[in-house]
């Protein structure tokens, strides 16, 4: 993949293939390196910024990850993954109230068939005492998982530090 990147450095799809090849091989440090190059080379790409933010987040570099998530969100407000991961960061930081309306509900709006944001919203609503909404989002998440169980298999198989 590195040779392909050297041959065609202006093709963002090659960067994304390399990043995911390293992810699948569990070489996150190499994936983060390529993602960083992609974010530098394609600063207006929501995907490049998100990929770098994702790798920074799993490496525990949350402040820098947040910057790249926000760049991705600004570059493409219809791209749901940055919203979900930004909400996940807020949850990890104990900022449940901010995570619900800002990022998680937006992730649900952008990708309503994804069970993950619904499940996280359910937890947030429960923590804030809104048991009715917590129950509703949990049921939606369970229904979506039953309809498409393969959706979460890839994510559940990946290690997050």
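Hey, does the range 59-77 have a residue that's at positive phi, at pLDDT 90 or above and over 12 Å from the mean Cα position of the chain (by Cα)? Working first, answer last.
Initially, the range 59-77 is screened for residues at positive phi, giving 60.
Right, trim to at pLDDT 90 or above and you get 60.
Retained after the next criterion (residues that are over 12 Å from the mean Cα position of the chain (by Cα)): 60.
Yes, there is a match, as at least one residue in the range 59-77 is at positive phi, at pLDDT 90 or above and over 12 Å from the mean Cα position of the chain (by Cα).
For residue 75, work out the one condition from (1) farther than 22 Å from residue 111 by Cα; (2) buried (at least 16 other Cβ atoms within 10 Å of the Cβ) it doesn't fulfil.
Unmet for residue 75, out of (1) farther than 22 Å from residue 111 by Cα; (2) buried (at least 16 other Cβ atoms within 10 Å of the Cβ): (1).
How about the range 1-109: which helices (runs of 4 or more DSSP H) wholly inside it have at least 2 residues that are touching a helix residue (DSSP H, G or I) at 6+ places or on another chain (Cβ under 9 Å), within 23 Å of residue 119 (Cα to Cα) and without any contact (Cβ under 8 Å) to a residue 60 or more places away in the chain?
Working: elements: 2-7, 12-24, 28-41, 46-58, 62-75, 80-92, 96-99.
Counting at least 2 such residues, we get 46-58, 62-75, 80-92, 96-99.
Pick from 99, 35, 21, 46: which is outside the structural domain of residue 130 (by TED's automatic domain parsing), modelled with pLDDT under 95 and out of contact with any strand residue (DSSP E or B) (no Cβ under 7 Å at 6 or more places or on another chain)? Before you say what the answer is, go through the steps one by one.
On the way: 99 fails: outside the structural domain of residue 130 (by TED's automatic domain parsing); 35 fails: modelled with pLDDT under 95; 46 fails: modelled with pLDDT under 95.
Checking each option against the conditions leaves just 21.
The values are calculated or read from the model by the stated rules, or taken from the named source; none is laboratory data. Quick caveat, the model's predicted, so the values are computed rather than measured. A quick note on method: Cβ atoms are made from the backbone with ideal geometry, for glycine too, and the neighbour counts reach across all protein chains shown.
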